[in-house]
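Contents: one structure, followed by commentary.
What follows is calculated from the coordinates using simple rules that are stated; it is not laboratory data. Quick caveat: nothing in here was measured; it's all calculated off a predicted structure. Heads up, the Cβs are rebuilt from the backbone with ideal geometry, glycines too, and the neighbour counts pull from every protein chain shown.
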Amino acid sequence: MDYFISAMKNYATFTGRARRSEYWFFYLFYFIFLVLAVILDNLLGITIEDTGIGPLYFVSILAMIIPGLAVTVRRLHDVGKSGWFYFIVLIPIIGSVWLLVLMVTDGQPGRNKYGKNPKGIGNEVALS
């Protein structure tokens, strides 16, 4: 939960780096909140006919667009890629797979052009 809170504190921060754990825990809790929103929509009877989803689900998605993009960009920075690299998902199938590979790849050790290593390992090494 700390990683989700950390990502929310950096709600619209597109600079710096994010660890794999920050990225994956953010999306884990995001998924849990979406499931809870669907359950609440159904319990309250406010779903759109034949879909099972309602306004709470849509509000949850809208509320998390910016922090989701921000944590993804910071994760890309951690592996040494520009945030613009996110647009690789526009390439059908291959783009999504490649982005997934980048999201599970360990970050660059030490400092890179996007900032210090969030793990704190190798930050004393000068950028080459």
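Some points to look at:
- The order of L99, L34, going from fewest to most other C-beta atoms within 10 Å of their C-beta, is L34, L99.
- Correct choice for Kirkwood radius over Cα pairs in Å that was computed from the model, options (i) 28.0; (ii) 15.3; (iii) 16.0: (iii)
- Taking Cα atoms only, the orientation of helix 94-104 departs from the longest principal axis of the chain by about 70 degrees.
- By the helix-only formula, in which each DSSP H run with n ≥ 4 contributes -39500 (n - 2.57) and the sum is divided by residues, the chain has a 222 nm mean residue ellipticity of -18000 deg cm²/dmol.
- Taking Cα atoms only, the orientation of helix 20-44 departs from the longest principal axis of the chain by about 10 degrees.
- Candidates P109, P92, P67, ranked by Gaussian network fluctuation over the chain, Cα under 10 Å, top entry: P92
- In the chain, the longest principal axis of the Cα atoms and the axis of helix 55-78 are about 10 degrees apart.
- Look at the dipole of segment 2-104 built from charges on Cβ: of T51, L102, G16, the Cα furthest out on the positive end belongs to G16.
- Taking 0.36 nm per residue of separation and subtracting the current Cα-Cα distance, fully stretching the chain between D106 and F58 would add 14.0 nm.
- Listed residue (P118, V71, W84) projecting farthest to the positive dipole end of segment 27-128, Cβ model: P118
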